[in-house]
Amino acid sequence: MKNQKKSTRYFWLLIDFFSLIGSYFLLNELLNFKSWISLIGALLITAIIVSLQPKHPRKISYKSVPSDQLMAHYKKTGMSERDIDFFRGTMADAKVQIDQLEKNMQRVPKLKAIELHDEPVKVSQATFKALVAKPAKLHLAADFLYRHLPTLVDLTTKYIQISQHEVKDKDTYVVLDKSAALITDLAQQLKKDYAAIVADDLEDLDVDMSLAKKTLEKAKTAGKESNLDE
């Protein structure tokens, strides 16, 4: 596979080289242009050819390398290398947005108040951790990752920009009030997103608690019967 990629790259390099030389001589000899004009024309033609060549997707790179323990955790869930790359890319984007949201929520008093009451940053961070713990739940977080979180980051950014206007009229305050209300609604929606992701965890805990309660009741009953026998 690597040799095939190298061969393809060398092939296009040769195409670029010969197109540059060929274009130069074509313009210089056939059209009788001056040398420097021919060179510029050849470069332009080559640039057009390069732009039309197929682009190879860049390999995803991350600032942090996952620990062996984390990679083992991903593979234990049945994820392939491709799945892991996609998951890590998605979560890397989410982390950038959560970090930006955290900064935004501390920029102006109104957003600080919303964070204190509705905790959108804390909920987003908890959702992030829940997904890392159980990557198979990624599909349950589609609305959170692709709609609610990006929209909240965008709204808070614009809210900050408008709130920093030196001169504000009545319409400005109306827009700010509506934006704050929408930001609050989205913060509440993040809680619903989180609840949907961890719902089965709560169900599992409820089942475990029920089993534990029955075990304790049986133990108590057995203890009472033992005391009666004595």
Quiz item: By how many nm would the segment from Ala181 to Ala196 lengthen if fully extended, with 0.36 nm per residue of separation less the alpha-carbon distance?
Solution: 3.1 nm
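Hey, which of these cross-link pairs are over 31 Å Cα-Cα: Lys76/Lys122; Lys75/Lys95; Lys168/Lys191; Lys103/Lys191; Lys122/Lys170?
Over 31 Å Cα-Cα: Lys168/Lys191; Lys122/Lys170.
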Quiz item: Where does each of 160-166, 143-149, 92-98 land if you order them by average Cβ count within 10 Å, highest first?
Solution: 143-149, 92-98, 160-166
Quiz item: Along the Cα-to-Cβ line of Ile160, 7 Å from the Cα, sits a label point; which residues in the stretch 84-113 have backbone N less than 15 Å from it?
Solution: 96-113
Self-check item: Mean accessible surface per residue for the stretch 113-171, computed with a 1.4 Å probe while every protein chain stays in place, in Å²
Solution: 57 Å²
Self-check item: Within the accessible area of the stretch 70-158 (1.4 Å probe), percent carbon and sulfur
Solution: 57 percent
Exercise. Lys and Arg at +1, Asp and Glu at -1: add these up for the other residues within a Cβ distance under 12 Å of Leu190 and post the number.
Key: -2
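The values are calculated or read from the model by the stated rules, or taken from the named source; none is laboratory data. Computed from a predicted model, the values in this text were never measured in an experiment. Positions of Cβ are generated from backbone atoms using ideal geometry, with glycine treated the same way; all protein chains shown enter the neighbour counts. Note: accessible area is taken over every heavy atom of the protein model, side chains too, but ligands, DNA and RNA are not part of it. Shrake-Rupley method; radii C 1.70, N 1.55, O 1.52, S 1.80 Å.
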